[in-house]
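One structure is given here, and the rest of the page talks about it.
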Amino acid sequence: MSALLLDRLRSAGGWLARDRAAAALARQSKSLEQAVAELRARGYVIDEDPDMGLRLQAEPDVLCPADLRRGLQTRIVGREILVRDRVTSTNDVAWQLGEEGAEEGTVVFAEEQTAGRGRLGRCWWSPHGKGIWMSVLLRPVVGEELVPMTTIIGALAAAEAIRAATRLPARIRWPNDVLIEEKKVAGVLVEARQTGGGRGLVLGIGVDVNADDADMPPDVAPVAVSLSQAAGERIHRLHLAQELLRRLDRWYQVELERDADTINERWRSLSATLGRRIVLDEQGRRYEGTVADVDVRFGLALRLSRGNVRTFRGEHVTVIEHG
Ligand code: BT5
């Protein structure tokens, strides 16, 4: 199997002598040449040198469960990982798996979504191979009331994973957007429903990774940015996806402990809105003011022009302008 050779090449971290590479395949019917050809056909770039042997130069940017699981070490998120090519929405797939009794922490990624959704009936553009489009099935004891907190931990995990994998200064625009500078690079959608296996939540996250200007539809281009646009280079999705799963797992533990202080502290430090003038829309009404505080239990506190403070919960609110 070429997977055995791949493991060897990866762990060698540089040149691997031919006889050692061949030894990895000793009990297989396949020859070393066949295994190398197979990996190359799947997009792996392998150097060959008569003296040094073989070296893995580059890996294809495809998501696969075995790679995602390798070294993941999470407790709940990623207990089960599935990767699909084309789906309507990964949230739909997660709900379907939930109906069938899938366990908490089951994660589904897709290369493409044909009907990716945002909040409040909006669409989420999800082109093939250019992003991370994923959902995780959660079964906390209580469901509905954890939607706002779960949205926040999703945004925290996405912002942290982006920072760790790319060093780009990702920040959170309350409640569910991750921004680089003023443009949206990731979004979070949390849904609560009754499933066959009990009440559940699905936490969906979309990250624009390698989309170019030419790819973006005209309604998305003005508000969005991909990591590759911001970083000026292509970003490998595997590392980013693993970072995302690890951070989701960590923040979900904090959520289960109802440790609002820890969440608030991190959220405030990554907030793009705290202290700024914003305009927000709540079910068609507009409010303008300065963001006085964000708190995962109560929402966003806005100091309105008359000086009074009004608190907004996240569900029906969209920030439409940053001052
Ligand atoms: C969101 O909604 O930001 C939640 C997005 C969640 C997407 C994930 S992908 C995996 C999972 N499966 C799903 O079906 N959904 C989740 P909202 O705050 O309503 O923002 C939607 C708005 O963002 C749109 O109206 C566009 O203006 C903009 N938008 C659409 N696609 C975008 C993209 N790829 N990147 C950046 N902005 C986008």
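The values are calculated or read from the model by the stated rules, or taken from the named source; none is laboratory data. Every value quoted in this text rests on a predicted model; they were computed, and no experiment measured them. Reconstructed Cβ throughout: ideal geometry from the backbone, glycine too, with neighbour counts over all protein chains shown. Keep in mind that these areas ignore ligands, DNA and RNA; they rest on the heavy atoms of the full protein, side chains included. Shrake-Rupley method; radii C 1.70, N 1.55, O 1.52, S 1.80 Å.
Quick look at the values:
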| read-out | value |
| --- | --- |
| Residue count for the range 29-80, restricted to those that are in a strand (DSSP E or B) and touching a residue at least 40 places away in the same chain (Cβ under 8 Å) | 3 |
| Given (1) in a strand (DSSP E or B); (2) open to solvent by less than 30 Å² (accessible area, probe 1.4 Å); (3) touching a Ser or Thr at 6+ places or on another chain (Cβ under 8 Å), number of the condition Ala192 does not satisfy | (3) |
| Residues that are open to solvent by 70 Å² or more (accessible area, probe 1.4 Å) and either outside any helix (DSSP H, G or I) or not charged (D, E, K, R) (or both), drawn from the range 14-27 | Trp15, Ala26, Arg27 |
| Some residue of the range 253-260 being surrounded by fewer than 20 Cβ atoms within 10 Å (Cβ to Cβ), of a type in the set (Lys, Arg), free of Cβ contacts under 8 Å to residues at least 12 places away in the same chain and outside any helix (DSSP H, G or I) | yes |
| Check on Gly196, among the small types (Gly, Ala, Ser) and touching a strand residue (DSSP E or B) at 6+ places or on another chain (Cβ under 9 Å) | no |
| Residues of the range 82-116 satisfying the condition of being more than 9 Å from the ligand (Cβ to nearest atom) and part of a helix (DSSP H, G or I) | Trp95, Gln96, Leu97, Gly98, Glu99 |
| Some residue of the range 41-59 being surrounded by fewer than 21 Cβ atoms within 10 Å (Cβ to Cβ) and within 15 Å of the ligand (Cβ to nearest atom) | no |
| Leu97 being open to solvent by less than 40 Å² (accessible area, probe 1.4 Å) and farther than 28 Å from Gly13 by Cβ | yes |
| Condition met for Asp219 (within 15 Å of the ligand (Cβ to nearest atom) and open to solvent by 20 Å² or more (accessible area, probe 1.4 Å)) | yes |
| Pair list, Cβ under 6 Å, 6 or more apart: the range 268-294 residue under 16 Å from Ser305 (Cβ atoms) and in the same structural domain as Thr318 (by TED's automatic domain parsing), other residue β-branched (Val, Ile, Thr) and not in a strand (DSSP E or B) | Val291/Thr273 |
